[in-house]
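Visitor: Following this message is one structure expressed as structure tokens.
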Amino acid sequence: MVLPTFTIDAALVRSITHSPEVMGSLLVLLAAYAIRLFMPVRHKQMENSPVIGKATDREFHNALTEGYTKYPNSTFTIPTAHHPMVIVPPKFLDEIKALPETILSFQKQVSARFLGKYTGLGVNDTLVHSVKVDLTKNIVRILDELQDEVDYAVTKNIGDIPEWKAVPVYGTLLNLVALLSGRIFVGHPLSRNETWLQATLSYTIDGFVGAEKLWTYPKLFHPVMQYFIPEVRKVHSYLRNGAKLLEPIMKERQQAMRDNPNSKKPSDMIQWIVDNSEGTDGQDTDYVTKTQMLISVVAIHTTTMTTAQAVFDLVAHPE
């Protein structure tokens with residue numbers, strides 16, 4: 001498959017990304033995606049809900065259209081792989097959002113659907129609070145740091161050249177987003193560490209692929225088969241390697257707090273995760289590392305997909 005490429009002027013990219021309006025929009029988009037993913041919107045498994053489409057279908061666009069047409073005010077089921085999905089009409093959304101985690105659990109649903117016990121995919125309360133509260137209220141301050149990171153990211157991935165050049169859109173944007181988000185999540189120098197970057201980029205893909213492969217085996221064999229599926233093993237290695245890289249930073253911060261409990265804390269995702277964790281989780285490098293990887297699931301690929309689609313739309317509709 002040939003990936004689409006476009007000619008991009010590095011100076012033009014810098015001028016655009018140095019715009020507070022553009023960077024602010026990207027940050028708001030990132031926060032909105034994260035909040036949208038983590039909002040406690042749940043669905044009930046309703047046995048009598050009519051099924052639209054077939055489990056063997058490659059996509060369900062037509063099934064969704066048919067379902068909304070036939071059942072605008074009631075539920076219907078899309079037979080998605082492993083976990084059928086019940087579509088709820090909009091009139092019930094406010095009621096669903098008001099239900100507590102003990103009745104409708106988004107965290108448990110994500111973990112069950114993607115076999116989080118083995119793949120590491122999921123959501124936790126620490127991440128929800130860190131994104132919805134800390135990240136959102138620090139957007140203005142974060143802008144300056146992102147604008148500083150843009151020069152490095154553009155030079156590294158596009159180059160400092162006076163003329164136009166062809167670049168793969170998705171891959172280039174993916175690397176840019178990874179660097180910019182890493183600047184906020186872990187800060188320098190870890191945000192530019194190639195091992196860390198590769199882990200945050202690959203954690204999502206290998207996690208989803210690993211879950212899909214694991215689902216091909218009976219649940220009884222999942223505890224064993226996780227060690228034979230390459231993608232699941234890779235996810236475990238990302239967590240191990242990430243913890244080794246994050247450990248010195250956490251130890252340094254812990255020592256600084258012991259030396260001066262009143263010292264100003266860093267303002268990044270590492271610290272927000274530490275502060276928002278329950279019990280001893282905030283001192284557990286493995287827990288903080290896993291939560292960092294989970295934020296990459298929503299922060300990097302979704303932002304890249306949206307931005308790439310915006311580029312394609314602009315090219316298709318230059319007017």
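Visitor: Confirm whether Lys265 is modelled with pLDDT under 90, among the basic types (Lys, Arg) and within 25 Å of Thr136 (Cα to Cα).
Guide: Working: modelled with pLDDT under 90: yes; among the basic types (Lys, Arg): yes; within 25 Å of Thr136 (Cα to Cα): yes.
So Lys265 passes the test.
Visitor: Checking Ser111 against (1) among the polar types (S, T, N, Q); (2) modelled with pLDDT of 85 or more; (3) within 30 Å of Phe312 (Cβ to Cβ), only one condition comes out false. Which one?
Guide: The one condition Ser111 does not meet is (3).
Visitor: Given the condition assigned by TED's automatic domain parsing to the domain that holds Tyr118, of a type in the set (Lys, Arg), farther than 20 Å from Lys290 by Cβ and under 21 Å from the mean Cα position of the chain (by Cα), answer yes or no: does some residue in region 187-204 qualify? Before you say what the answer is, go through the steps one by one.
Guide: Filtering region 187-204 down to residues assigned by TED's automatic domain parsing to the domain that holds Tyr118 leaves 187-204.
Cutting the leftovers down to of a type in the set (Lys, Arg) gives us 192.
After this cut, where a residue has to be farther than 20 Å from Lys290 by Cβ as well, the list is 192.
Within this subset, residues satisfying the condition of being under 21 Å from the mean Cα position of the chain (by Cα) are 192.
Checked region 187-204: at least one residue is assigned by TED's automatic domain parsing to the domain that holds Tyr118, of a type in the set (Lys, Arg), farther than 20 Å from Lys290 by Cβ and under 21 Å from the mean Cα position of the chain (by Cα).
Visitor: Moving to a separate point now. Within region 257-283, how many residues are exposed (fewer than 12 other Cβ atoms within 10 Å of the Cβ) and at negative phi? I'd like the intermediate steps shown before the answer.
Guide: Within region 257-283, the subset exposed (fewer than 12 other Cβ atoms within 10 Å of the Cβ) is 258-264, 278-280.
From what's left, at negative phi: 258-264, 278, 280.
So the answer is 9.
Visitor: Residue check: is Val224 β-branched (Val, Ile, Thr) and either loosely packed, with under 13 Cβ neighbours inside 10 Å or not assigned by TED's automatic domain parsing to the domain that holds Leu246 (or both)? First the steps, then the outcome.
Guide: On the way: β-branched (Val, Ile, Thr): yes; either loosely packed, with under 13 Cβ neighbours inside 10 Å or not assigned by TED's automatic domain parsing to the domain that holds Leu246 (or both): yes.
In short, yes.
Visitor: Somewhere in region 201-222, is a residue of a type in the set (S, T, N, Q), touching a Leu at 6+ places or on another chain (Cβ under 7 Å) and in contact (Cβ under 8 Å) with a residue 40 or more places away in the chain? Working first, answer last.
Guide: Start the filter on region 201-222 by keeping residues that are of a type in the set (S, T, N, Q), which leaves 202, 204, 216.
Still in the running and touching a Leu at 6+ places or on another chain (Cβ under 7 Å): none.
There is no residue in region 201-222 that is of a type in the set (S, T, N, Q), touching a Leu at 6+ places or on another chain (Cβ under 7 Å) and in contact (Cβ under 8 Å) with a residue 40 or more places away in the chain.
Visitor: Based on this model, can you work out whether Leu64 counts as in contact (Cβ under 8 Å) with a residue 40 or more places away in the chain, surrounded by fewer than 17 Cβ atoms within 10 Å (Cβ to Cβ) and not assigned by TED's automatic domain parsing to the domain that holds Leu294?
Guide: Numbers: in contact (Cβ under 8 Å) with a residue 40 or more places away in the chain: no; surrounded by fewer than 17 Cβ atoms within 10 Å (Cβ to Cβ): yes; not assigned by TED's automatic domain parsing to the domain that holds Leu294: yes.
Against the criterion (in contact (Cβ under 8 Å) with a residue 40 or more places away in the chain, surrounded by fewer than 17 Cβ atoms within 10 Å (Cβ to Cβ) and not assigned by TED's automatic domain parsing to the domain that holds Leu294), Leu64 does not qualify.
Visitor: May I ask you to verify whether Leu245 is among the aliphatic types (A, V, I, L, M) and out of contact with any helix residue (DSSP H, G or I) (no Cβ under 6 Å at 6 or more places or on another chain)?
Guide: no
Visitor: Tell me, please, whether a residue that is small (Gly, Ala, Ser) and either under 18 Å from the mean Cα position of the chain (by Cα) or surrounded by fewer than 16 Cβ atoms within 10 Å (Cβ to Cβ) (or both) can be found in region 249-256.
Guide: Here is the first cut: in region 249-256, the ones small (Gly, Ala, Ser) are 256.
Okay, now just the ones that are also either under 18 Å from the mean Cα position of the chain (by Cα) or surrounded by fewer than 16 Cβ atoms within 10 Å (Cβ to Cβ) (or both), so 256.
Looking through region 249-256, at least one residue is small (Gly, Ala, Ser) and either under 18 Å from the mean Cα position of the chain (by Cα) or surrounded by fewer than 16 Cβ atoms within 10 Å (Cβ to Cβ) (or both).
Visitor: Something else now. Go over the candidates Gln292, Gln255, Gln283 one by one and state the one that is closer than 14 Å to Asp125 by Cα and modelled with pLDDT of 90 or more.
Guide: Values: Gln255 fails: closer than 14 Å to Asp125 by Cα; Gln283 fails: closer than 14 Å to Asp125 by Cα.
Testing whether each residue is closer than 14 Å to Asp125 by Cα and modelled with pLDDT of 90 or more leaves just Gln292.
Visitor: Ok, one more. I need the helices (runs of 4 or more DSSP H) fully contained in region 207-283, keeping only those with at least 2 residues that are farther than 15 Å from Lys117 by Cβ. Write out each step before concluding.
Guide: On the way: elements: 222-225, 230-259, 269-276.
Fully inside region 207-283 and qualifying: 230-259, 269-276.
Visitor: Separate question: Can you list the helices (runs of 4 or more DSSP H) found entirely within region 85-177 that contain at least 1 residues being surrounded by 14 or more Cβ atoms within 10 Å (Cβ to Cβ) and under 23 Å from the mean Cα position of the chain (by Cα)? Break it down into steps so the answer makes sense when it comes.
Guide: On the way: elements: 93-98, 106-113, 116-119, 125-129, 139-157.
Correct list: 106-113, 116-119, 125-129, 139-157.
The values are calculated or read from the model by the stated rules, or taken from the named source; none is laboratory data. As the structure is a computational prediction, the values presented were derived from the model and not from experiment. Cβ sites come from the backbone with ideal geometry, for glycine too, and all protein chains shown count toward neighbours.
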